[in-house]
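Written out below as structure tokens is the structure these notes cover.
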Amino acid sequence: MRQTIAPVVAIDGPSGTGKGTLSQRLASLLGWHFLDSGVLYRLVGYLALKRGIAWTETDALGALAAALPVEFRTGVEEAEILLEGECVTGRVRDEIIGAAASQVAAVPAVRAALLARQHELRQPPGLIADGRDMGTVVFPDAGLKIFLTASPEIRAQRRYNQLKGKGIDVNLAPLLEDIRARDERDAQRAVAPLKPADDAIILDTTRLGIVEVEDLVMRLMHARGLA
Ligand code: C5P
């Protein structure tokens, strides 16, 4: 019997474009699996900081990624993330961990080690994969590839509102600076740089709300017989 491979929708783009929210909404609407690939890089970054491993120690970083002691516990809302038994669900979202993630993400051994983990999540009925290289490297045969963009200013503003909403005291200027630095590092790295796949559909979300983006993507999925 021919085995059918589960469909994948790749949602790529820089942070603050609404990628995560869109991916989670689509996955829950369709009852599909959801891969937040950024969290894997964040966990490696977090552990590297915790263990005092420098960004130049590429072998040690690769080994860390290959043996990532993580457990995802599905809860009512967001899945709980346990790293070596410690709950790091909130902590991994910190700005400092995002910056660390972007450092370890430039290490080829780290990316290679995380590839198999990402492929494992491709299960029926389908997978919504959120990241930077879902359409280019991890799932090049995805049935639909979306690349979200938005101006750095609006992305910083969204992040600011998100953090303020959580009661975290932040300033807009350093957030914007961090976004620009991270974009630069993610786009310039030699391995799996942040760029749209040749067959990706690019959506600029600067002036679009989440519901409008979701409608657009759902229509594209229907058109391709994916939903
Ligand atoms: O999406 P998120 O902000 O959680 O990603 C954190 C960092 O992890 C990104 O800035 C990027 O450097 C890296 N990343 C990556 N490839 C992915 C997902 C995230 O390089 N597929």
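Since every read-out is calculated from the coordinates, none of them should be taken as a lab result. Computed from a predicted structure; not experimentally measured. All Cβ positions, even for glycine, are placed from backbone atoms using ideal geometry, and neighbour counts span all protein chains on display.
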Give the residues of region 183-225 that are aliphatic (A, V, I, L, M) and within 16 Å of the ligand (Cβ to nearest atom), sorted by residue number. ALA187, ALA190, VAL191, ALA192, LEU194, ALA197, ALA200
Those residues of region 136-176 which are within 12 Å of the ligand (Cβ to nearest atom) and among the β-branched types (Val, Ile, Thr), in sequence order: THR136, VAL137, VAL138
Looking at (1) touching a Gly at 6+ places or on another chain (Cβ under 8 Å); (2) away from the ligand (no atom under 12 Å from the Cβ), which one does ILE179 not meet, given that it meets all the others? (2)
